[in-house]
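Worksheet: the structure to be examined is printed underneath.
The values are calculated or read from the model by the stated rules, or taken from the named source; none is laboratory data. Predicted model only: the values in this text are computed from it and were never measured. Note that we place each Cβ from the backbone using ideal geometry, even for glycine, and neighbour counts take in every protein chain shown.
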Amino acid sequence: METNARAAERGFLRRIRRLSRWRVAFLLPSAGLVVAALLHAAQWVTSWISTAVARTQGAADACSDLVDDFGVDPDRIELIDRAPSGFVCQAPTYDGGHAIIEHSGAASALFMVSMALAALSVAVLLGVLIAFMVTRLLGLYRSPLAEPRRDRRPLRLIGIGVFMLPVMMLGQYFQWYSKSDGFEICPESVGGNDVLGFSVTADYLPPSLTCSGDTVTGQEFSVTQYGFPFYGFIAGLILAVLGVVLLIVARARTRQR
């Protein structure tokens with residue numbers, strides 16, 4: 001039994017080694033999408049379990065924080081299922097309003113991880129696909145680099161540069177998400193006047209963040225910030241252009257020969 005297991009393991013490792021770099025590059029983000037789907041399914045299961053446990057305990061016990069924080073009547077607490085995001089405790093207050101507390105628990109963490117992994121996998125898969133298509137099209141264009149024993153560095157530079165573009169655009173989205181509250185980008189005052197309101201918008205070509213708004217006196221302002229995604233995007237463009245230049249130089253040398 002142990003011998004068969006070792007033989008199967010060696011056979012699996014042998015198949016992995018035989019995979020080309022492109023196949024590995026396609027398989028990794030595809031595996032990331034599968035893991036993201038499994039995490040999302042786990043989010044649904046976790047939400048159902050937490051809601052079922054809360055209903056078993058009773059609304060008064062499961063939503064005791066409503067009683068402690070807002071002093072609502074325990075008998076008027078309503079437990080609402082919000083799958084796959086857990087459940088919500090809701091009850092009317094004595095002043096005529098409503099108190100609501102969300103209980104997402106692990107479902108919220110699973111949602112964030114699954115969405116981040118799915119977005120990253122899609123961006124990487126898109127980058128690999130674009131890089132693969134570009135390098136193959138350049139190779140089919142009767143490039144001297146498509147011949148054996150030729151220097152393939154220009155094609156690699158083009159592939160890396162094109163791959164970086166969607167990845168940096170994804171990084172721009174995460175940068176916007178982390179700074180959408182205006183922290184470290186929006187000023188607290190403009191010309192000595194306090195800021196009344198603002199909004200943070202993201203540009204992707206090239207990546208940048210812009211905070212725009214107005215002050216208490218009605219003065220409008222706009223501030224643009226360039227971060228790591230911008231410089232990574234520019235670096236990707238430079239690598240792609242450098243690869244194209246080297247490719248043209250190689251073709252010119254081949255014609256001279």
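The single condition among (1) over 25 Å from the mean Cα position of the chain (by Cα); (2) without any contact (Cβ under 8 Å) to a residue 12 or more places away in the chain; (3) surrounded by fewer than 14 Cβ atoms within 10 Å (Cβ to Cβ) that A109 does not satisfy is (1).
Might you check whether a residue that is closer than 30 Å to L129 by Cβ, at pLDDT below 85 and part of a loop (DSSP other than H, G, I, E, B) occurs anywhere in the stretch 170-179? No, the conditions are met nowhere in the stretch 170-179.
With T46, T56, T3 as the choices, which residue is modelled with pLDDT of 85 or more, over 24 Å from the mean Cα position of the chain (by Cα), part of a helix (DSSP H, G or I) and among the polar types (S, T, N, Q)?
Numbers: T46 fails: over 24 Å from the mean Cα position of the chain (by Cα); T3 fails: modelled with pLDDT of 85 or more.
The match here is T56.
Residue by residue, here is whether (1) within 25 Å of M112 (Cβ to Cβ); (2) at pLDDT 80 or above; (3) part of a helix (DSSP H, G or I); (4) in contact with a helix residue (DSSP H, G or I) (Cβ under 7 Å, 6 or more places away or on another chain) holds:
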site: R142; (1), (2), (3), (4): no, no, no, no
site: L157; (1), (2), (3), (4): no, yes, yes, yes
site: V167; (1), (2), (3), (4): yes, yes, yes, yes
site: F183; (1), (2), (3), (4): yes, no, no, no
site: D194; (1), (2), (3), (4): no, no, no, no
site: P229; (1), (2), (3), (4): yes, yes, yes, yes
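Please work out if L125 is surrounded by 14 or more Cβ atoms within 10 Å (Cβ to Cβ) and at pLDDT 80 or above. Outline the logic, then answer.
Numbers: surrounded by 14 or more Cβ atoms within 10 Å (Cβ to Cβ): yes; at pLDDT 80 or above: yes.
Judged against the criteria, L125 is a match.
Condition check: in a helix (DSSP H, G or I), aliphatic (A, V, I, L, M) and touching a residue at least 12 places away in the same chain (Cβ under 8 Å). Does L79 satisfy that? It is false that L79 is in a helix (DSSP H, G or I), aliphatic (A, V, I, L, M) and touching a residue at least 12 places away in the same chain (Cβ under 8 Å).
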